[in-house]
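Some notes on the structure that comes next.
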6 protein chains.
Amino acid sequence: MTSAALALSDSVLGLRPDDRVLVVAPHPDDETIGPGGTLARLSATGVAVHVLCVTVRRGRMYGGASDPFLREQEFAKACAALGVRSSVIAWIDETGTVDVCNRQRELVDLIERHEEVSLATVDPVALFIPSAGGYHQDHQAVHRAGFAAARVHPAGLKPTPRIVLGYRGVEDRWSAENESWWVHVDTTAYWPAKEEALRAYGSQMRAAGPRSIEHVDRIDSAAGASIDVGHAESFVPYRLAC
Amino acid sequence: MTSAALALSDSVLGLRPDDRVLVVAPHPDDETIGPGGTLARLSATGVAVHVLCVTVRRGRMYGGASDPFLREQEFAKACAALGVRSSVIAWIDETGTVDVCNRQRELVDLIERHEEVSLATVDPVALFIPSAGGYHQDHQAVHRAGFAAARVHPAGLKPTPRIVLGYRGVEDRWSAENESWWVHVDTTAYWPAKEEALRAYGSQMRAAGPRSIEHVDRIDSAAGASIDVGHAESFVPYRLAC
Amino acid sequence: MTSAALALSDSVLGLRPDDRVLVVAPHPDDETIGPGGTLARLSATGVAVHVLCVTVRRGRMYGGASDPFLREQEFAKACAALGVRSSVIAWIDETGTVDVCNRQRELVDLIERHEEVSLATVDPVALFIPSAGGYHQDHQAVHRAGFAAARVHPAGLKPTPRIVLGYRGVEDRWSAENESWWVHVDTTAYWPAKEEALRAYGSQMRAAGPRSIEHVDRIDSAAGASIDVGHAESFVPYRLAC
Amino acid sequence: MTSAALALSDSVLGLRPDDRVLVVAPHPDDETIGPGGTLARLSATGVAVHVLCVTVRRGRMYGGASDPFLREQEFAKACAALGVRSSVIAWIDETGTVDVCNRQRELVDLIERHEEVSLATVDPVALFIPSAGGYHQDHQAVHRAGFAAARVHPAGLKPTPRIVLGYRGVEDRWSAENESWWVHVDTTAYWPAKEEALRAYGSQMRAAGPRSIEHVDRIDSAAGASIDVGHAESFVPYRLAC
Amino acid sequence: MTSAALALSDSVLGLRPDDRVLVVAPHPDDETIGPGGTLARLSATGVAVHVLCVTVRRGRMYGGASDPFLREQEFAKACAALGVRSSVIAWIDETGTVDVCNRQRELVDLIERHEEVSLATVDPVALFIPSAGGYHQDHQAVHRAGFAAARVHPAGLKPTPRIVLGYRGVEDRWSAENESWWVHVDTTAYWPAKEEALRAYGSQMRAAGPRSIEHVDRIDSAAGASIDVGHAESFVPYRLAC
Amino acid sequence: MTSAALALSDSVLGLRPDDRVLVVAPHPDDETIGPGGTLARLSATGVAVHVLCVTVRRGRMYGGASDPFLREQEFAKACAALGVRSSVIAWIDETGTVDVCNRQRELVDLIERHEEVSLATVDPVALFIPSAGGYHQDHQAVHRAGFAAARVHPAGLKPTPRIVLGYRGVEDRWSAENESWWVHVDTTAYWPAKEEALRAYGSQMRAAGPRSIEHVDRIDSAAGASIDVGHAESFVPYRLAC
């Protein structure tokens, strides 16, 4: 991490090798588009990153169809590119009728207690959730559920992450809420890994527009400019306890 | 203005040939770094753009000295590149001791009644002022004064602009305020003009960092991405009366 | 549009004859109470206004009963008074059990693809949705769905409106959110049309209180005072791309 | 109410003997943890306090099980300690499957028209609801429903409370929203009553952590410090009409 | 105070006969335009209202000249119409050069210790200051000074008002800040007194526009509509301790 | 740092031995009342803490007089108790007439280039400044100046701290701004050091009220409760770059 203007840290918010991070993604690709470079950087420095993806559904999409099997493969490939330790998609919606935002209570339970990847199994130092201001109803529902799951629990009952960060979704500059994007992670050296992960999503990414690699490149370049590095990712720091 | 995703307008907020715009800039270069592409686009479509620059001072600066004469030349050259109709620097501070933010009342008077470029002489449809959230004390003072000058006056007493926009300053992502950047102007075709105006500021721009052309390029590219065009500039729309 | 203090425009945000506007209203009368004068002004200047009303239900109401057939008639009459080009009520809820706010995904689909009046059929320049801060759960749900539907889509896949405005609901001063009502449209000359449309809602309007014509008159008069005209309507400008 | 620094009032926001207050609590104990001291003070001065508790469910909880019968007993005991005039739990969820936040419309109806304790039966001067910023999905749903129910209604149709206050939930410092806690009620003399009510919740309170009496004591002590008294409770004053 | 929809109180926030209120006004007429009806209502019910007006200056104004002697007479007449108990203008600026916003510390001292009308001499229960969001630099300075003066002081050192309200200035809908106008005072019966006080300001009020009686009438009517009364004034409740 | 509920870090935001921190305090005691425990914790773990105190003046105060010599002694003693490496008071105002908030430009220069303790001499990793929302005019001025000084500078010209935190002032719960206090530092083990530093301020602290040790204790206990520890201090994280 060399930077001309700021002497940046070699750790991300003090996270160290063997610390554990849990990332909650509404759909496959959200873990990459927003915080992908940061996950790659964390993984590269020995931090164990685990991704709980909430759902993928079968169905018609603008510009094609969504095939859960294909999307699971893409998700696995992207997670591999980022160095993710373990990952899972919780709800495979074969009928295309599951409406995530009507399942608030189940979402909280999922994040707290999913048997493979959850607060209970990972016991993470840091939790990454979608930021509050995303325009997408599923992102809002997952944000709320992740936020509720992250409340401070009495000792011994449930793990409480000491760091909670909100990450950007695709097109999240389209938001009526102005959030405080105060954490900036230099991801210059990890842009290639992020780009590889983005490429893994052949069914989701487009040649142009908001879902293109070029679009994400521009967003991360502008974030980089704000701390005078090549690429960066910004986060909303809901909790930083130390 | 061609755009793949949105069918953008050929006018900026309905401004038409011979409409008048007044831009208030704290220092020379602020009119270029923030809204330069928009000013070039307006000028190119026949709108008359006038720039009131508040002050320039003689003195020591980080990375060199500020020579008022040189800076006036740069300012004139940049305004020419943008197609500005008339421009003036109001306060030449030869002693380097003028503190703009202790002259709130004089600033309001200046914007309302400067004899060459002001609300009184231009009678503008639109007023461009620094946005509220800039970190720089002079930008904040000029914002407040411009905002006060733009209040609705009784008919006949003083011109009231029906559009009031806040523009970005250099480094204005370094702000503790979250403003609503809701107006987006496609400036793709005018990036060359903005770049030329930026180059005119030889004493102010740097090869790298926040005051580099590359930095401004990245900011405008990210703004462009949000409406799926090459470059754009965003504004805070304090008033749009029609 | 004559105004003593401000020289107002003869276009609304640059909208021109044959431009298309889509208004999404949670229930019949919302298109009139909030933006009715603006719709009348747009129609009068040749802009094509289309209204998608989400739902009306059969059932008991405070102060009477709601009869879907009667309310469709009222809606048609009000739309005629405003000069609306086409209009439709999407969901006629004969059982009175449909809870709009549990159908977030269907709402987004409705606004994007309803076969008569939607983004797909109208391909509008401007989209009008309820503002974010309304107290009513249905208004909030329709706001969120309209906002999601208005995201920038890749070219060719779906129309993206370049203007997105939030309008007031009845009683929306009863709100815990402070929104930025920055667009003001002079509707003085169109108050009679709005009043006629309000009168069309015989089953909804009351002789006094928040649902009276006098109440709407007072709100629009105060908005008018802020730009020194007789009547005006204010909007939240979520997106103004040009 | 003696206070060294401020000469505090002997009434709470002007409420007087025989005035009526309606408190809406998502679950048993919310009426105590947030506004318990204030309710005790109101009761002691002759104001009639009524509590509508929305729901309690049978089911597994972290650290034990929830038995509706036991929790009703606890609720009754706590209400007695606070001097509450009447109280009811509306929805006993024996199956543990009721998801409050998918029943927005029923919640509004409940608060407006529950046959025992509601706006219709109590006709209150003041309504207490959870504040907007609570992290818990049920608190958010009850907040929204209470807010909607409190809108100004035409005279004769439904009671409209002239005071609407938001109270804190347990752990509500864990919030992404910054609300305006501008009302401060000196509850120093009523801390013993609040403590007794907290103790009544044997199945809910813990020896340590966020659900401990010591935790509530610390929160109320800090609120007290802000007005220089021993203990206080703070509220968000959504409406104060007089 | 009779009201159809809400059963309003006969006291304003619990203020009672012989309670004392201190109003800080930047210039003569601010005490009338914003909170005049409320002051008249308080006075009529026996509350002692005292007004500290900060400054008036000799000088050129838009639409005439400002003569301090004349303006003192107008101020006295307006205060009489509102039933104000005592009033003073602190700084008579004969030279027209005093810039209030460069005298922050002196302003705090003035509000705390002016020998005739101040916190020290009035020892008020309630303090009225301009709200934070006014566009005028003097209003902002007086707001900040009043806010600082209202902090909680140790007992015995200085009076601390238990109620602090922000009132509207003329044209304060022209504001970049969205404040929470949560207190609404029914002033229907006191509109005649307010109108008389407004008329006293012959040199300040205009026949039309923002400084006309008709403009104030419209603002107060809209505020009235929000609580279903004829006229009302709204306030920001910075502190309500009881 | 042991904690029942959260496994807290042994570093503060990743700061490590020999890292440098610059604290800017408006007056002596601000460095202790807000962030004193955190400074003690940092010092104890080998981080070098430097304090730039802006000013102290000779003059009359409520409850006594301010003697610059005495206050310098108190400041030195408090800094020693906290383990501060170096400290200085920049402006000794013997006449009591210096108004900090009219010297915005000089304040920025001071923080950037004071010859003993400044960004230039310390080249800090982290900068601590008063938070934006303090009610005191000097705190606001120092906040703005510190924020401006902390902007990202081109490499080589001036040090840019990668962490910028806002700390609380005394009585900062008396604020009209709602800031995001998202960083929580467990200071349980350092409360004794903070208490010792507070006691050093014999001329400033009081036996009761906002300036009493008991008051600070209550604030820090409530902050501690929010992360389930004994005492904590909260900060606004304006920048966390890594």
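Here are some notes:
- Among (1) of a type outside the set (V, I, T); (2) crowded, with 24+ Cβ neighbours inside 10 Å; (3) over 14 Å from the mean Cα position of the chain (by Cα), the one test that B:Y167 misses: (3)
- Residue check, C:L6 over 15 Å from the mean Cα position of the chain (by Cα), farther than 20 Å from C:R199 by Cβ, crowded, with 18+ Cβ neighbours inside 10 Å and within 14 Å of another protein chain (Cβ to nearest Cβ): yes
- Residues that are at positive phi number at least 1 in the following strands (runs of 3 or more DSSP E) confined to the stretch D:6-76: D:59-61, D:64-66.
- Only a single item in (1) surrounded by fewer than 21 Cβ atoms within 10 Å (Cβ to Cβ); (2) over 23 Å from B:R113 (Cβ atoms) is not met by E:G96, and it is number (2).
- Test: residue in the stretch E:13-34 that is more than 14 Å from chain D (Cβ to nearest Cβ), modelled with pLDDT of 95 or more and surrounded by fewer than 22 Cβ atoms within 10 Å (Cβ to Cβ): no
- Test: residue in the stretch B:46-59 that is exposed (fewer than 15 other Cβ atoms within 10 Å of the Cβ) and more than 14 Å from chain C (Cβ to nearest Cβ): yes
- Qualifying residue in the stretch C:201-208 (condition: out of contact with any Gly (no Cβ under 7 Å at 6 or more places or on another chain), within 14 Å of chain E (Cβ to nearest Cβ), aromatic (F, W, Y) and surrounded by fewer than 24 Cβ atoms within 10 Å (Cβ to Cβ)): no
- Applying the criterion of being crowded, with 19+ Cβ neighbours inside 10 Å and touching a Ser or Thr at 6+ places or on another chain (Cβ under 9 Å) to the residues of the stretch C:115-133, the residue that is nearest to D:R105 (Cα to Cα) is C:G133.
- Boolean, C:R211 is at the interface with another protein chain (Cβ under 7 Å from one of its Cβ atoms), closer than 24 Å to D:R151 by Cβ and touching a residue at least 12 places away in the same chain (Cβ under 8 Å): yes
- Subset of the stretch D:153-171 [more than 13 Å from D:L127 (Cα to Cα) and either free of Cβ contacts under 8 Å to residues at least 60 places away in the same chain or in contact with a Lys or Arg (Cβ under 8 Å, 6 or more places away or on another chain) (or both)]: D:H153, D:P154, D:A155, D:G156, D:L157, D:K158, D:V170, D:E171
- Hits in the stretch B:17-41 - residues which are over 8 Å from the mean Cα position of the chain (by Cα) and acidic (D, E): B:D18, B:D19, B:D29
- B:E233 being at pLDDT 95 or above, of a type in the set (D, E, K, R) and touching a strand residue (DSSP E or B) at 6+ places or on another chain (Cβ under 7 Å): yes
- Once the stretch B:129-141 is narrowed to residues that are within 14 Å of the chain's Cα centre (by Cα) and under 23 Å from E:V170 (Cβ atoms), the residue that is farthest from the other protein chains (Cβ to nearest Cβ) is B:I129.
- Failed criterion for F:A126 (all others in (1) within 22 Å of B:C101 (Cα to Cα); (2) within 13 Å of chain A (Cβ to nearest Cβ) hold): (1)
- Residue match in the stretch F:217-228 (condition: closer than 28 Å to F:L13 by Cβ and within 14 Å of chain E (Cβ to nearest Cβ)): yes
- Check on B:A241, within 13 Å of chain C (Cβ to nearest Cβ) and free of Cβ contacts under 8 Å to residues at least 40 places away in the same chain: no
- Entry remark, the stretch B:80-130: residues being at positive phi and touching a Pro at 6+ places or on another chain (Cβ under 8 Å) number 1 in total.
- If you go through the stretch F:149-198 and keep only what is of a type in the set (D, E), under 21 Å from A:W181 (Cβ atoms) and more than 11 Å from chain A (Cβ to nearest Cβ), you end up with just F:E177.
- Of the residues making up the stretch D:173-198, those that are surrounded by fewer than 21 Cβ atoms within 10 Å (Cβ to Cβ) and among the hydroxyl-bearing types (S, T, Y) are D:S175, D:T188.
- Test: A:E214 is surrounded by fewer than 19 Cβ atoms within 10 Å (Cβ to Cβ), of a type in the set (D, E, K, R), farther than 17 Å from A:E31 by Cα and modelled with pLDDT of 90 or more: yes
- Top-ranked residue in the stretch B:86-111 [being of a type in the set (D, E, K, R) and either part of a loop (DSSP other than H, G, I, E, B) or touching a residue at least 12 places away in the same chain (Cβ under 8 Å) (or both); ranked as nearest to the other protein chains (Cβ to nearest Cβ)]: B:D99
The values are calculated or read from the model by the stated rules, or taken from the named source; none is laboratory data. What you see is a predicted model, and the numbers here were worked out from it, not measured in a lab. Because the Cβ atoms are built from the backbone with ideal geometry, glycine has one as well, and the counts that use them run over all protein chains shown.
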